[in-house]
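Peer 1: What follows is a single structure, and I will ask about it in a moment.
The values are calculated or read from the model by the stated rules, or taken from the named source; none is laboratory data. Bear in mind the structure is a predicted one, so any value in this text is a computation, not a measurement. Neighbour counts are summed over all protein chains in view; Cβ atoms, including those assigned to glycine, are modelled from backbone coordinates with ideal geometry. Side chains included, ligands, DNA and RNA excluded: accessible areas come from the protein's heavy atoms. Shrake-Rupley method; radii C 1.70, N 1.55, O 1.52, S 1.80 Å.
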Amino acid sequence: MNTQNTPIHLHLWHKDFWLVAIASLLLPMSVYMFVPVFPLWLPLQGCFGSLQVGWVLGILGIGVFLLGTFCSYLVQHYRRNNVCMESILVMMMLVALLHYLHRMAGWFDGNCKQWMLVFLLLQRLLMGATFGLAQMVLGSTLVIDTCESSHRTEANHSSAWFARFALAMGPLAGLIVYRFFGFDGVVFGSLACSAVAVILIRSVHFPFRAPEEGVRLFSLDRFFMPQGLPLFGNLALVMTAVGMLLPFGTEPIFFVSILGGFLLSLLAQHFVFRHAELKSEAITALLFLAAAIFMMLTSPLPVVHVASPALIGTGVGIFCSRFLMFFIKLSRHCQRGTAQSSYFLASETGIALGLFLHFSCCQQDEGSVLVFSLILVTAAFLLYHFFTHRWFMLHKNR
């Protein structure tokens, strides 16, 4: 079977699924709001250069792995919706600490600024841990619990699209709020998104499930799928390039264009690639990303500031949607949730690493960032064309 499409079932889109899907949008939005804001806010505190900004943005990618091995144990021994909501509440407390740090920033001077950096790194690490646990439970368990077994693939596909929209809407909201209300406004905006996500999850009735026997405290179940490592590496490589490009969005139009690209990719999936050969989607997506980077690297025309991010959004939308389906179709029996979490971890790892590289290694040099990201996209293209696709077709289980 060389074409694999996700059918649309109207029965899936009932009230409970809508609530969980919107929560899947708001939770990552609350995290991504800080992506364009920290590079603007941290230098104003003194003694913080691009290297420190890269650490603060990138360490979140380490945090998302910290609690993953406990995910299966927690959802088996406690109400899974409570695990998700309590993780979000802890994340909200960590975000609220940024308000007090902002108020106290003027008290730090000289060597004390290093303690401020340590506090920020620890806060971001723990924020990543709670965000990772909440998102893994939400995406791999709660979404599935709201639908019938025959609709689970579409439920995973659709909820992932809501989370993908957050990649554009979160930074867009962060930029706008920061300009009008400052850093405190972004903190309260992030808290509001998380609070509404908790309310939405609390409003859904999840049936009680008796815990399975013999569930270990540490487990890869619902966390990471080892047989998907080639997919993980290929997706992380692409999202690293995307993460390196996100800091170029210093104006709202950049993220509005990415959002428009996401919408174009949705249309392309339903009309252009509906009966196309499976390999064509990822290849086309990577060509779109390469074209966007090449335009940014070579053309000074104003239209590039709209066209390039639109191509980025289109490429990311097509590529990530296809790779999510690859993870799901590679999974064995009862590994659907693990596949979803593996996809999430690959995406977040790439974005965090890309942000770190943009600020820490390339030192915000535009030419170096663009050349490096183009090399990464080219490497991802070659890896997919000569290895990953063929490997997937030999190892898929669905």
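Peer 1: Select, from PRO43, PRO7, PRO39, the only residue that is in contact with a Pro (Cβ under 7 Å, 6 or more places away or on another chain) and either over 27 Å from CYS84 (Cβ atoms) or modelled with pLDDT under 80 (or both). Step through it out loud before you land on a result.
Peer 2: Numbers: PRO43 fails: in contact with a Pro (Cβ under 7 Å, 6 or more places away or on another chain); PRO7 fails: in contact with a Pro (Cβ under 7 Å, 6 or more places away or on another chain).
Only one candidate passes the filter, namely PRO39.
Peer 1: Further, regarding this structure: Hey, LEU374 hits all of (1) within 22 Å of the chain's Cα centre (by Cα); (2) at pLDDT 95 or above; (3) surrounded by 21 or more Cβ atoms within 10 Å (Cβ to Cβ) but one; which does it fall short on?
Peer 2: The single condition LEU374 does not satisfy is (3).
Peer 1: Tally up the residues in the stretch 361-370 that are in contact with a helix residue (DSSP H, G or I) (Cβ under 7 Å, 6 or more places away or on another chain) and closer than 24 Å to ALA285 by Cβ, please.
Peer 2: Total meeting the criteria: 3.
Peer 1: Is it the case that THR314 is hydroxyl-bearing (Ser, Thr, Tyr), under 22 Å from the mean Cα position of the chain (by Cα) and under 18 Å from SER373 (Cβ atoms)?
Peer 2: Values: hydroxyl-bearing (Ser, Thr, Tyr): yes; under 22 Å from the mean Cα position of the chain (by Cα): yes; under 18 Å from SER373 (Cβ atoms): yes.
Criteria met by THR314.
Peer 1: Continuing with the same structure: Name, by its number, the condition in (1) out of contact with any Ser or Thr (no Cβ under 9 Å at 6 or more places or on another chain); (2) assigned to a helix (DSSP H, G or I) that does not hold for CYS147.
Peer 2: It is condition (2) that CYS147 fails.
Peer 1: Can you find a residue in the stretch 79-100 that is modelled with pLDDT of 95 or more, small (Gly, Ala, Ser) and crowded, with 20+ Cβ neighbours inside 10 Å?
Peer 2: Scanning the stretch 79-100 turns up at least one residue that is modelled with pLDDT of 95 or more, small (Gly, Ala, Ser) and crowded, with 20+ Cβ neighbours inside 10 Å.
Peer 1: Can you give me the number of residues within the stretch 213-239 that are touching a residue at least 40 places away in the same chain (Cβ under 8 Å), on the phi < 0 side of the Ramachandran plot and not in a helix (DSSP H, G or I)? It would help to see each step written out before you state the result.
Peer 2: First, pick out the residues of the stretch 213-239 that are touching a residue at least 40 places away in the same chain (Cβ under 8 Å): 215-225, 227-228, 230-239.
Now narrow it down to the ones that are on the phi < 0 side of the Ramachandran plot: 215-221, 223-225, 227-228, 230-239.
Now narrow it down to the ones that are not in a helix (DSSP H, G or I): 215-221, 223-225.
Going through the stretch 213-239 one residue at a time, the tally reaches 10.
Peer 1: From VAL242, VAL177, VAL204, VAL187, which residue is closer than 25 Å to ALA310 by Cα, open to solvent by less than 30 Å² (accessible area, probe 1.4 Å) and of a type in the set (Val, Ile, Thr)?
Peer 2: Working: VAL177 fails: open to solvent by less than 30 Å² (accessible area, probe 1.4 Å); VAL204 fails: closer than 25 Å to ALA310 by Cα; VAL187 fails: closer than 25 Å to ALA310 by Cα.
Checking each option against the conditions leaves just VAL242.
Peer 1: While we're looking at this one, here's another question. Kindly list the number of the only condition in (1) within 30 Å of PHE181 (Cα to Cα); (2) among the polar types (S, T, N, Q); (3) free of Cβ contacts under 8 Å to residues at least 24 places away in the same chain that fails for ASN82.
Peer 2: Only one criterion is unmet by ASN82, namely (1).
Peer 1: When the stretch 57-78 is examined, which residues are found to be at pLDDT 95 or above and either open to solvent by less than 30 Å² (accessible area, probe 1.4 Å) or more than 25 Å from LEU101 (Cβ to Cβ) (or both)?
Peer 2: LEU57, GLY58, LEU60, GLY61, GLY63, VAL64
Peer 1: Closer than 17 Å to SER280 by Cα, crowded, with 21+ Cβ neighbours inside 10 Å and among the hydroxyl-bearing types (Ser, Thr, Tyr): does that describe TYR343?
Peer 2: On the way: closer than 17 Å to SER280 by Cα: no; crowded, with 21+ Cβ neighbours inside 10 Å: yes; among the hydroxyl-bearing types (Ser, Thr, Tyr): yes.
Against the criterion (closer than 17 Å to SER280 by Cα, crowded, with 21+ Cβ neighbours inside 10 Å and among the hydroxyl-bearing types (Ser, Thr, Tyr)), TYR343 does not qualify.
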